[in-house]
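Undergrad: Questions regarding the structure given below will be posed in turn.
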Amino acid sequence: MDNCIFCKIVDGSIPSKKVYEDEMIVAFYDLEPQAPVHVLVVPKQHISCADEIDESNSSVVAHIFTKIPQIAKTLGLENGYRIVNNCGSDGCQSVKHIHFHLLGGTQLNGRMA
Ligand code: AMP
């Protein structure tokens with residue numbers, strides 16, 4: 001999709017520091033990390049937000065969740081991690097291409113909001 005930062009990362013026109021890629025998804029370091037390890041896991045297909053998940057595209061979301069344990073292991077997150085998805089304005093979603101924050105590398109705050 002035009003003017004989508006994460007579509008541009010997917011097609012390589014914006015650089016990123018990738019930690020994982022396959023035919024459906026890419027994972028790369030967040031530019032402004034909020035934990036010692038902060039990676040974004042993104043479908044290559046443009047899906048705007050969690051509100052847009054339906055039967056036609058849910059397989060990519062399932063795929064993301066099957067790959068997260070593998071990505072977490074390569075990043076050394078043996079003690080656990082947090083997966084965050086922000087959706088819409090109340091959820092403070094700033095990039096309108098669905099993505100899952102994978103955060104870890106320290107004891108995270110117990111509160112989420
Ligand atoms: P959200 O607020 O949930 O939409 O998260 C968007 C995330 O994308 C933020 O944590 C940003 O720091 C991150 N971000 C924005 N642009 C880039 C970029 N070009 N490369 C890596 N991360 C980015």
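Undergrad: Can you tell me how many residues in the stretch 100-111 are more than 13 Å from the ligand (Cβ to nearest atom) and either surrounded by 10 or more Cβ atoms within 10 Å (Cβ to Cβ) or not charged (D, E, K, R) (or both)?
TA: Final tally of qualifying residues: 7.
Undergrad: Mind listing whichever residues of the stretch 83-99 are outside any loop (DSSP other than H, G, I, E, B) and within 9 Å of the ligand (Cβ to nearest atom)?
TA: V84
Undergrad: Those residues that are touching a residue at least 40 places away in the same chain (Cβ under 8 Å), within 17 Å of I98 (Cβ to Cβ) and within 12 Å of the chain's Cα centre (by Cα), I need them from the stretch 3-37; list them, please.
TA: F6, Y20, I25, A27, D30
Undergrad: I want to confirm something. Restricting to the stretch 33-47 and keeping residues that are more than 15 Å from I14 (Cβ to Cβ) and within 11 Å of the ligand (Cβ to nearest atom), which single residue is surrounded by the fewest Cβ atoms within 10 Å (Cβ to Cβ)?
TA: Q34
Undergrad: I need every pair where a residue in the stretch 68-87 that is under 11 Å from V41 (Cβ atoms) has its Cβ under 6 Å from the Cβ of a residue that is hydroxyl-bearing (S, T, Y) and at pLDDT 95 or above, sequence separation at least 6 or different chains.
TA: I71/Y20; A72/Y81
Undergrad: A further question on this structure: Does N85 qualify as being polar (S, T, N, Q) and in contact with a helix residue (DSSP H, G or I) (Cβ under 6 Å, 6 or more places away or on another chain)?
TA: Judged against the criteria, N85 is a match.
The values are calculated or read from the model by the stated rules, or taken from the named source; none is laboratory data. Given the structure is predicted, the values throughout are model-derived calculations rather than measurements. FYI the Cβ positions are ideal-geometry reconstructions off the backbone, even for glycines, and counts take in every protein chain you see.
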